[in-house]
Structures are given as structure tokens and as C-alpha cells.
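Below you'll find the structure, written out as C-alpha cells, and then a few comments.
The values are calculated or read from the model by the stated rules, or taken from the named source; none is laboratory data. Nothing here was measured: the structure is a model prediction, and the numbers come from that model. Ideal geometry is used to build each Cβ from the backbone, glycine not excepted, and the neighbour counts take in all protein chains shown. SASA here: full protein model, heavy atoms, side chains in, ligands and nucleic acids out. Shrake-Rupley method; radii C 1.70, N 1.55, O 1.52, S 1.80 Å.
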Amino acid sequence: QVQLVESGGGLVQAGGSLSLSCATSGRTVSVYDMAWFRQAPGKEREVVSAINSNGALTYYADSVKGRFTISRDNAKNTVWLLLNSLKPEDTAVYYCAIIPWGIRIPGRAAYWGQGTQVTVSS
């Protein structure tokens, strides 16, 4: 069993930054590809960014490309998502998940965290 715990969300003004972290425990997570998803009220959960198990490959949704940065430290069992130049439309609950590289469908994730709220005011 693997547990994922997100932290770092909060309220920030447009143009500001936040750093989200996803701490993992349980099995050795260095073998897992991981991703960040988000879900805004009334909208479907969507992938924001992904990183493969050794950190060599990353993916960003077009809506966040150039503003968000994903990284991981397998020795610390942690994945981060740095959110820069935030916009009101980035407001959502952000979730980390274990999901195979190249798969962007939420239903294919094996494990989820509980989520952390990001609110961007205009």
C-alpha cells in the first residue's frame, strides 16, 4: 500500500507563486511514475503535469507550460509542483497520483492523495 499526502496549497493573488509537495510512504516510490491533477468546481479532473520514475521525463499541460515545474527526489520520497505566474483559472484542488507514464486518464491512477486547495484571487 502507498500513501500520498499533498501540502502547500493556499490563497494567493494572481501573479503569485505556490509550491506543492506530495510526500509518499509505503512501498518504494522511486519505481513509480507520478502526476499532478487538478479539479475545479463543476469541472472534470485534469492532468497538470507528470514525471517519470527517475525524473528524466516530464510533461505539462498546455495551460501550465512555462509556468509550472514538476520535480522529484526519490531519496526523500517527495514530488513537488512549483506554480508560478498563477492565474484565477488555476484555482482548483490539486492532487498527486501514481499513474503510468504517458497515461493522462484519472481513472487509470493507482493511488491518489487527498488533495490540497489552491485559490488564486484576481
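Modelled label positions at Ile103 and Ala14, each set 7 Å beyond Cα in the direction of Cβ, lie 3.8 nm from each other.
Here the gap between Arg27 and Ser122, fully extended at 0.36 nm per residue and compared with their Cα-Cα distance, gives a gain of 30.1 nm.
Amide H to amide H distances under 5 Å link Gly10 with Val118, Thr119, where only residues 5 or more positions off or on other chains count and H is placed in the peptide plane. The label-point distance for Lys65 and Ala110, in a model that sets each label 7 Å from Cα toward Cβ, rounds to 2.9 nm.
Residue order by solvent-accessible surface for Trp80, Trp36 is Trp80, Trp36, largest first, with ligands and nucleic acids left out and a 1.4 Å probe.
About its Cα centre, the dipole of the chain is roughly 100 debye, where the only charges are +1 on Lys and Arg Cβ and -1 on Asp and Glu Cβ. Between Leu82 and Glu44, the modelled label-to-label distance comes to 3.2 nm, taking each label 7 Å out from Cα in the direction of the beta carbon.
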